[in-house]
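Asks: Got a structure here, written out as structure tokens. Questions coming.
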Amino acid sequence: DSYLDVLQKKCVENNIPFEPKTFDGKHFEEIVKDIRQNDYDLVIMGALGTGAVKESLLGSVTERVSRRIAVDTLIAKDTRPLDEQLKSNGHGPAPIVVAIDGSPQSYAGLQTAIRFSQIFQRPLEAVGVFDPFLHYTVFDGIVNVLSEKASKVFRFKEQEQLHEEIIDTGLAKIYQSHLEVAQGVAREQGVDLKITLMDGKAFEKILQYVRKVQPWMLVMGRIGYHSAEDMDMGSNSENLMRLAPCHVFLSSRKFIPPIDLKADAAIIWSPEALERMKKIPDFVRGIARTAILRYAMERGHSVISESVIEEVMRIFMPQKDVNAMGRVALDLAVQVVEGDKVSYICENCGHVIKDIQPAVCVVCNAPGEKFQRIDKTVIENIVKHNAGDLEERETFDGTHLKWTPEAQQLLLKVPAGYMRRRAKARIEKTTRVRNQDIVTPELAQSVVDEVAEEAKKVENVSPNAAVVMDGLTWTPEAITRLGRVPKGFMRDETRKCVVAYAQKNARSVLTLEVTEQGIADARKVMEEMIKGYTPK
């Protein structure tokens, strides 16, 4: 009761109505029960309770409550007085950062952040993240394990072409449009919104950004664009709730920007267009539909036909040379060498512009000087710079890429097995995203460094610290258990099985129990392999 007395005194001093409540029972159960029985607008909880120890990141009560309620939730992490929190972080006033993925929950979070920014005089920033590497890594990982019959059913080249058209440059531009809509919403309310688009794993890139800019608060949707309505919390939100070193606001409400509401209400779809939309994979159909509606609204279309969808495809998705040697993308380097054309590649995000140097990158907003000129001389210098002959290698879908000797040597530095296959897939994908057909040492080095850093997390982790790997949070006990598996192929394969088990069972935190279950699955896989082995 004395805890409540302190809070009551503060509320009286600030003329705020206060109703004390005390419960007997299990902490999180009683709190959740009270929240569900009352029409609260906001739940505020400290990230850590009285049972916190040095390495604690998020208390169990806070985690359990936040997963079980559907109310806006503010998790307080900075315990300093408010006036100290609002001082400069060394780069100016500590901003409020909003994660935008196009979901109604993220746009509702934006509305809250706008209001906070006005009340507390905080700069406002929005970040978006798209992942152009995921599907390529997945494709490369399964292409060699399916039977010939299964491969024909899966139709790798056709599937890869579809993913290239929708996911690569198209996805970047769609996420950029989400940010621009957010910028327009903020502008209408008199707030300047800085927007930043990044590529990679969403929670990892946002976490890096937060650690860099040191915001006062991170605001995000409780669930993301691709989450089911009945999901308790998205994996990105859960990881950031635990790891972000600032206040975290989880938005459960929904808000759809006026342009999207207006477009959905005023525009009809032709039967042919609806049929065409069915061909788009489920997990990107929503963002594709939003992009098409926005495009139609901006150009005054009242009916979306197949031709309108084709127009959007031409703008959002790069043209493909699907007839040449079975390639999915048109190789920029070949274009340049065969003719006298000039292209420019953004050093920040790899976006390609042909013929003219842009004033600004439409994907990441980098200035024009960040674009590297690519012409015939540049390609020839790259080849001359690399000693020895280029080795041509075929990727899993039939595309041919040339590897310099130095790039090949860099790849060999990655431990054989899963880690090397993953690094190779990332290198090939990055090369193709940049519309190049030569794997250079500089490009290979950047990917190899990232993979090596992930490997260090397993080998050099503190026994008392949680670690984020493969998009999941590993507890110290789980890391210790994984470390007992023989290093090399066995550990790589075991780690894959543990991750697969966690993803299958929607577990974003790998505890010792989850790890043991994953290891049990790994044993079963190994036993089946041994049973099916027949000596020749």
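The values are calculated or read from the model by the stated rules, or taken from the named source; none is laboratory data. In this text the structure is predicted, and so the values were computed from the model without any measurement. Counting neighbours? That spans all protein chains shown, and the Cβs are built from the backbone with ideal geometry, glycine included. Ligands, DNA and RNA are stripped out before the accessible areas are found, and what is left, the full protein with its side chains, is counted by its heavy atoms. Shrake-Rupley method; radii C 1.70, N 1.55, O 1.52, S 1.80 Å.
Asks: Kindly rank 305-311, 52-58 from highest to lowest mean number of other beta carbons found within 10 Å of each residue.
Replies: 305-311, 52-58
Asks: What nm distance separates the two modelled labels at Ile256 and Ala70, each placed 7 Å from Cα along Cα→Cβ?
Replies: It works out to 1.7 nm between the two label points.
Asks: Return the subset of Lys26/Lys205; Lys173/Lys254; Lys194/Lys413; Lys278/Lys496; Lys54/Lys524; Lys54/Lys504 for which the Cα-Cα distance in this structure is over 30 Å, preserving the input order.
Replies: Lys26/Lys205; Lys194/Lys413; Lys278/Lys496; Lys54/Lys524; Lys54/Lys504
Asks: While we're here: Tally up the carbon and sulfur contribution to the accessible surface of region 183-222 as a whole percent, 1.4 Å probe, everything protein left in place.
Replies: 45
Asks: Take the solvent-accessible surface of the protein heavy atoms, probe 1.4 Å, and return the percent of it on region 11-135 that carbon and sulfur atoms account for.
Replies: For region 11-135, the apolar C and S fraction of the accessible surface comes to 51 percent.
Asks: Please tell me the relative contact order of region 38-91 in percent, rounded to the nearest whole number, where contacts are Cα pairs under 8 Å and at least six residues apart.
Replies: 42
Asks: What does the net charge come to around Ile195 if you take all other residues with beta carbon closer than 10 Å to its beta carbon, with K and R at +1 and D and E at -1?
Replies: Every neighbour counted, the sum reads -1.
Asks: Between Glu513 and Met490, what length comes free when the chain is fully extended (0.36 nm per residue of separation minus the Cα-Cα distance, one decimal in nm)?
Replies: My answer for the length gained is 6.3 nm.
Asks: Let me ask another. With every protein chain kept in place and ligands, DNA and RNA left out, what is the accessible area per residue of region 175-253? Probe 1.4 Å, answer in Å².
Replies: The answer is 40 Å² per residue.
Asks: Using a 10 Å cut-off on Cβ atoms, rank the peptides 472-479, 124-131 from the highest mean neighbour count down.
Replies: Going from most to least packed, we get 124-131, 472-479.
Asks: How do 1-9, 227-235 rank on mean C-beta neighbours within 10 Å, highest first?
Replies: The peptides rank, most packed first, as 227-235, 1-9.
Asks: Just add up the charged neighbours of Ala94: K/R +1, D/E -1, any other residue whose Cβ is under 9 Å from the Cβ of Ala94.
Replies: +2
Asks: Provide the solvent-accessible area of Arg211, counting protein heavy atoms only and rolling a 1.4 Å probe, rounded to the nearest 10 Å².
Replies: Looks like 140 Å² after rounding.
Asks: Full extension from Gln121 to Arg211: what is 0.36 nm times the residue separation minus their Cα-Cα distance, to one decimal in nm?
Replies: Result: 30.3 nm gained on full extension.
Asks: Would region 1-116 count as rounded, prolate or oblate if I go by the C-alpha gyration tensor, calling it rounded below 1.5 in a/c and otherwise prolate when a/b exceeds b/c, oblate otherwise?
Replies: rounded
Asks: While we're here: How far apart, in nm, are two points set 7 Å out from the Cα along the Cα-to-Cβ line at Gln189 and at Ser305?
Replies: In this crude spin-label approximation the distance works out to 4.0 nm.
Asks: Simple spin-label model, 7 Å along Cα-to-Cβ: Leu86 to Gln37 in nm?
Replies: Here the modelled spin labels are 3.6 nm apart.
Asks: Work out how much length Asp449 to Arg421 would gain on full extension: take 0.36 nm times their residue separation and subtract the Cα-Cα distance, in nm to one decimal.
Replies: Full-extension gain reported as 8.6 nm.
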